[in-house]
Amino acid sequence: MKFPIKLLAIAVAISFTACKGGDKKETAAKTEYAAAGNDDANQIVEYNNVLVSLTDQNNAYLKRVGENLQKLAKGLANPNDRFAFIGIVSPFSSSGFSHSELKPETPPSSLSNADQKYFKENVAGLNETLAKIKDTYKALDDYIKAEDWKDDKSAKGNKLIDSIYSMNKTYYKYDENLLARLEVIGDDAERVILKTHPLKEYIFAMKDDRKAVGEFNKLLIETKDFKANEAKIKSAYETLAAQNTKHIEMSAPDATKFPSKDGAFKTFNDSFKDYLIEAKKAIRDASVDGKLTQGHAEDLIGKYEYMRTTYNYFVD
């Protein structure tokens with residue numbers, strides 16, 4: 001059975017490549033941007049947020065595409081079933097609203113020439129591949145609506161599905177390239193900004209949580225024999241749970257000085273708690289079955305991504 005698109009392409013990459021920025025401020029700088037001025041650092045972080053918003057929006061669309069492809073493949077295997085294609089709604093994608101003047105296609109001048117070129121090329125590849133996916137899905141949708149599967153015994157439909165899966169691998173390679181470089185650059189730029197930030201204690205706590213969850217996701221996804229590694233996994237889980245409890249017990253940001261930040265911090269901690277609940281269920285089932293199920297892997301990735309969303313909500 002094929003994994004859903006997101007998991008097939010970058011489940012592990014999303015879990016730990018995209019959370020490498022969790023190191024604390026004492027960590028050694030990795031790029032020249034650690035010496036950037038405050039204005040340049042702010043611009044780099046803003047560009048980071050613009051790109052993250054783009055990939056989040058695209059990932060939501062591609063998740064819906066992946067869900068539909070599984071249903072369509074099942075329907076094409078037995079198209080004469082009158083319920084084969086019932087309830088399949090074509091996914092919709094629209095450009096998200098952004099307050100930023102920065103665009104994904106035009107990296108800021110605060111980045112080096114080499115990094116500007118890198119981001120331009122990978123964003124272009126990302127956009128071009130997504131456009132091809134949309135065109136191919138439209139062709140598949142038209143094929144189903146016209147009932148052309150009656151003429152070729154579903155051959156073209158299955159070919160279009162395979163083509164979309166292949167293009168998604170290409171798409172997520174560009175996505176992974178962008179996330180990996182963003183995390184290195186963004187971490188150094190953010191360190192500059194946070195030197196005097198009044199909420200740095202909370203931001204670093206959340207960054208630590210995201211990093212820890214990313215590493216735990218990597219452990220779960222890469223473990224081939226849960227029964228043999230049950231003690232190690234449960235110990236790592238208890239460490240995560242203790243970290244969540246510690247940060248829940250932190251005094252909330254002063255709402256009179258920082259409106260809505262108290263609620264945003266609680267929302268992030270709640271999203272961490274939700275991840276722990278999902279992880280506990282996954283570990284229990286995997287300990288019996290010996291491996292992580294497709295459904296649990298998908299849910300764990302989704303919970304981690306929601307932690308990223310709640311983190312971004314706090315820092316916006």
Quiz prompt | Most mobile of Lys232, Lys261, Lys134 in a GNM of the chain (Cα contacts under 10 Å) | solution = Lys232
Quiz item: Over the chain, what is the relative contact order in whole percent, taking alpha-carbon pairs under 8 Å and six or more residues apart?
Solution: 27
Quiz item: Assigning unit charges at the beta carbon (Lys, Arg +1; Asp, Glu -1) and nothing else, what dipole magnitude in debye, to the nearest 20, does segment 198-316 show about its Cα centre?
Solution: 180
Quiz prompt | Nitroxide proxy distance, nm - points 7 Å out along Cα→Cβ at Glu222 and Ala155 | solution = 4.4
Quiz item: segment 270-316 to segment 168-205: how many Å between their Cα centroids?
Solution: 21
Quiz item: So for the chain, Kirkwood radius off the Cα pairs, Stokes-Einstein at 10 °C and 1.306 mPa s: how many µm² s⁻¹?
Solution: 74
Quiz item: Phe83 versus Lys71, label points 7 Å from Cα toward the beta carbon: distance in nm?
Solution: 1.3
Quiz item: Helix 261-289: angle to the longest alpha-carbon principal axis of the chain, degrees 0 to 90, nearest 10?
Solution: 50
Quiz item: Charges only on Cβ, +1 for Lys and Arg, -1 for Asp and Glu: so what's the dipole of the chain about the Cα centre, in debye to the nearest 20?
Solution: 740
Quiz prompt | Expected 222 nm ellipticity per residue - DSSP helices of 4 or more, -39500 (n - 2.57), all of the chain, to 500 | solution = -25000 deg cm²/dmol
Quiz item: Quick one: His197, His296, His247, His99, fewest Cβ neighbours within 10 Å first, how do they rank?
Solution: His99, His197, His247, His296
Exercise. For the pairs Lys117/Lys291; Lys138/Lys280; Lys246/Lys281, note any where the Cα-Cα span goes beyond 31 Å.
Key: Lys117/Lys291; Lys138/Lys280
Quiz item: Roughly speaking, what is the stretch gain from Glu147 to Asp316, that is 0.36 nm per residue apart minus the C-alpha to C-alpha distance, in nm to one decimal?
Solution: 56.1 nm
Quiz item: Between Ala35 and Ser251, what FRET efficiency comes out of the Förster formula 1/(1 + (r/R0)^6) with R0 = 35 Å and r the beta carbon distance, rounded to 0.05?
Solution: 0.60
Quiz item: Expressed as a rounded percentage, what relative contact order does segment 198-316 have, with Cα pairs under 8 Å and six or more residues apart?
Solution: 35
Exercise. Would you mind ranking Glu298, Glu147 so that the residue whose beta carbon has the fewest other beta carbons within 10 Å leads the list?
Key: Glu147, Glu298
Quiz item: So which residue, out of Leu126, Leu219, Leu179, gets the largest mean-square fluctuation from a GNM of the chain using Cα contacts under 10 Å as springs?
Solution: Leu219
Quiz item: To the nearest 0.05, how large is the calculated FRET efficiency for His197 and Asn229 if R₀ is 51 Å and r is the Cβ-Cβ distance?
Solution: 0.85
Self-check item: With Cα atoms, 0 to 90° folded angle of helix 200-222 axis to the chain main axis
Solution: 40
Quiz item: With axes computed from alpha carbons, what is the tilt in degrees of helix 294-315 against the longest principal axis of the chain, rounded to the nearest 10 within 0 to 90?
Solution: 40
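The numbers here are math on the coordinates, done by the rules we state, and not lab data. Just so you know, these numbers come straight off a predicted model, no measurement behind them. Counting neighbours? That spans all protein chains shown, and the Cβs are built from the backbone with ideal geometry, glycine included.
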